[in-house]
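Asks: Got a structure for you, written out below as structure tokens; questions coming shortly.
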Amino acid sequence: MSLDLAFALARRVNPRETSPNPRVGCVLVKDGRTVGQGVHHGYGKPHAEPVALQKAGARTRGAVAYVTMEPCAPFAGKRNPSCAEALIAAGVRKVVCATLDPNPKVAGRGLALLRRAGIKTSVQPDYAAAGALLNRGFFSVMRRRRPWVVLKTALSLDGKAAATNGKSRWVTGKPARNAVHALRAQYDAILVGAGTVLADNPALTSHGAGKNPLRVVLAGRRSLSKRAKVFDSSAPTVVYRKMALRAILKDLARRGVGTLLVEGGPTIHAAFLKAGLVDEAKVFLAPKLLSGSLDPNTAPRLKTPKVTKLGDDWLIEGAL
Ligand code: AOF
Ligand code: ZN
């Protein structure tokens, strides 16, 4: 249905562009025909609904609006006009959305405004999960006051993130590393521990794949060189000293971080997992065996790995 189209439109937007605002798509349908569509393209830019209303013009009167999230109600400090009021003024007949706006300043007030103006409203339970997933970061901050946390790790087949001397460049190959750079351009912030900064001196940028994320370093008691690449001018960096993970996440949410990519290393990963603060994991697996190897580039590798799914497990086998 038209709500699917509204989702498809919203999904085309990189969440980094709208953050800390959500991605929203809106489709206006009249007599079975799409008469307008719009998306919220970026923070501070117009919301999805007025974009669609402008496209539809006079055809809006009597149309049904399909929106990925409840249209906003007015509140203090808002930058855009209220979408619920705009839909009322434009004379839509009905508003169908996937979820309520989890922002406590809206949360149901947008739909209440519409109903009070005599407009029918409908929230589609079948789309609730998709609606929350479309804006994982925004929903997480609004509901839990912490970012959506994604753990990213690159491992060899035998579960090593580095060679015996700590060398981790490179475990995975170029296409996987490019995928990581593209991934970084989708996240508001990227987090590593001091160990990773000291061992790898990573820049933690998207390497031209898009906007750079905010760089976050958990330094603990360790001291870091001001010349480390994470402190270069390509993106801002925050350093946290001894501080509880929950407090750090709360502070990041306050700074507008909706999605956080945790790139390790192993101590940081363990701490996040132990605290139950991981929402999603992305594991890049290289067909190598790093145990006992001094250099990940020359570690023994499976020539033609065969992958079989066995229940919930995977068997990866092959000759060296
Ligand atoms: C909508 N349509 O396209 C978006 C909405 O400061 P403002 O005026 O831009 O308002 C931001 C809030 O509006 C944001 O926190 C969220 O509650 C809602 N986002 N609402 O009707 C949209 N992006
Ligand atoms: Zn709005």
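Asks: Taking Leu285 and the conditions (1) in a strand (DSSP E or B); (2) open to solvent by less than 70 Å² (accessible area, probe 1.4 Å); (3) over 23 Å from Ile248 (Cβ atoms), which numbered condition does it fall short on, given that it satisfies the others?
Replies: If we test Leu285 against (1) in a strand (DSSP E or B); (2) open to solvent by less than 70 Å² (accessible area, probe 1.4 Å); (3) over 23 Å from Ile248 (Cβ atoms), just (2) comes out false.
Asks: Here's another thing I want to ask about it. Would you pick out the residues in region 89-103 that are among the charged types (D, E, K, R) and either under 19 Å from Pro74 (Cβ atoms) or within 11 Å of ligand 1 (Cβ to nearest atom) (or both)?
Replies: Asp101
Asks: Only residues that are away from ligand 2 (no atom under 12 Å from the Cβ) and either open to solvent by less than 70 Å² (accessible area, probe 1.4 Å) or part of a loop (DSSP other than H, G, I, E, B) (or both): list them for region 81-94, please.
Replies: Ile88, Ala90, Gly91, Val92, Arg93, Lys94, listed by residue number.
Asks: Looking at region 95-132, which of the residues that are assigned to a helix (DSSP H, G or I) and of a type in the set (Lys, Arg) is least open to solvent (accessible area, probe 1.4 Å)?
Replies: Once the filter is applied, the top-ranked residue is Arg109.
Asks: Regarding region 80-97, can at least one residue be identified that is at pLDDT below 95, over 28 Å from Arg246 (Cβ atoms) and not assigned by TED's automatic domain parsing to the domain that holds Leu191?
Replies: Yes, region 80-97 contains at least one residue that is at pLDDT below 95, over 28 Å from Arg246 (Cβ atoms) and not assigned by TED's automatic domain parsing to the domain that holds Leu191.
Asks: Which count do you get for residues in region 53-72 that are within 22 Å of Pro125 (Cβ to Cβ) and within 13 Å of ligand 2 (Cβ to nearest atom)?
Replies: 7
Asks: Looking at region 8-37 only, could you name the residues that are within 23 Å of Leu260 (Cα to Cα), of a type outside the set (Lys, Arg) and within 13 Å of ligand 1 (Cβ to nearest atom)?
Replies: Ala10, Val13, Pro15, Glu17, Thr18, Ser19, Pro20, Asn21, Pro22, Val24
Asks: Shifting gears a bit: Scan region 35-52 and report the pairs whose first residue is crowded, with 17+ Cβ neighbours inside 10 Å and whose second residue is among the β-branched types (Val, Ile, Thr), with Cβ atoms within less than 6 Å and a gap of 6+ or a chain change.
Replies: Gln37/Val27; Gly38/Val51; Val39/Val13; His40/Thr18; His40/Val24; Ala48/Val24; Ala48/Val39
Asks: Which condition number does Ser233 fail, the rest of (1) part of a loop (DSSP other than H, G, I, E, B); (2) among the small types (Gly, Ala, Ser); (3) farther than 25 Å from Pro15 by Cβ; (4) open to solvent by 40 Å² or more (accessible area, probe 1.4 Å) being met?
Replies: Of the numbered conditions (1) part of a loop (DSSP other than H, G, I, E, B); (2) among the small types (Gly, Ala, Ser); (3) farther than 25 Å from Pro15 by Cβ; (4) open to solvent by 40 Å² or more (accessible area, probe 1.4 Å), the odd one out for Ser233 is (3).
Asks: Output the residue which, of all residues in region 187-215 that are assigned to a loop (DSSP other than H, G, I, E, B) and at pLDDT 95 or above, is farthest from Glu280 (Cα to Cα).
Replies: Pro213
Asks: Cβ-Cβ below 8 Å, separation at least six or inter-chain, first residue in region 212-235 and in the same structural domain as Leu260 (by TED's automatic domain parsing), second of a type in the set (Asp, Glu): which pairs?
Replies: Pro213/Asp188; Leu214/Asp188
Asks: Run down Arg241, Arg246, Arg222 and say which single residue is open to solvent by 40 Å² or more (accessible area, probe 1.4 Å), at negative phi and either touching a helix residue (DSSP H, G or I) at 6+ places or on another chain (Cβ under 7 Å) or of a type in the set (A, V, I, L, M, F, W, C) (or both).
Replies: Unique residue meeting the criteria: Arg222.
Asks: Restricting the first residue to region 97-123 and requiring it to be more than 21 Å from Arg136 (Cα to Cα), which pairs with a second residue that is open to solvent by 70 Å² or more (accessible area, probe 1.4 Å) and part of a loop (DSSP other than H, G, I, E, B) meet a Cβ separation below 8 Å and a spacing of at least six or different chains?
Replies: Leu111/Leu100; Ile119/Arg93; Lys120/Arg93
Asks: Looking at region 179-234, which of its residues are in contact with a strand residue (DSSP E or B) (Cβ under 7 Å, 6 or more places away or on another chain) and among the charged types (D, E, K, R)?
Replies: Within region 179-234, Arg184, Asp188, Arg215 qualify.
Asks: Assuming Met1 fulfils every condition listed in (1) in contact with a Phe, Trp or Tyr (Cβ under 8 Å, 6 or more places away or on another chain); (2) closer than 26 Å to Leu214 by Cβ; (3) more than 13 Å from ligand 1 (Cβ to nearest atom) apart from one, which condition is it?
Replies: Among (1) in contact with a Phe, Trp or Tyr (Cβ under 8 Å, 6 or more places away or on another chain); (2) closer than 26 Å to Leu214 by Cβ; (3) more than 13 Å from ligand 1 (Cβ to nearest atom), the lone unmet condition for Met1 is (2).
Asks: Within region 148-168, is even one residue more than 14 Å from the chain's Cα centre (by Cα), surrounded by 20 or more Cβ atoms within 10 Å (Cβ to Cβ) and not in a loop (DSSP other than H, G, I, E, B)?
Replies: yes
Asks: Being open to solvent by 40 Å² or more (accessible area, probe 1.4 Å) and within 14 Å of ligand 2 (Cβ to nearest atom) is true for just one of Lys30, Lys78. Which residue is that?
Replies: None of the other options fit; the residue is Lys78.
Asks: For Val13, indicate whether it is crowded, with 24+ Cβ neighbours inside 10 Å, of a type in the set (A, V, I, L, M, F, W, C) and at pLDDT 95 or above.
Replies: no
The values are calculated or read from the model by the stated rules, or taken from the named source; none is laboratory data. Small disclaimer: the values here were computed from a predicted structure and weren't measured. Quick reminder, even Gly has a Cβ in these numbers, built from the backbone with ideal geometry, and neighbours come from all protein chains shown. Protein only, heavy atoms only, side chains kept; ligands, DNA and RNA dropped before computing areas. Shrake-Rupley method; radii C 1.70, N 1.55, O 1.52, S 1.80 Å.
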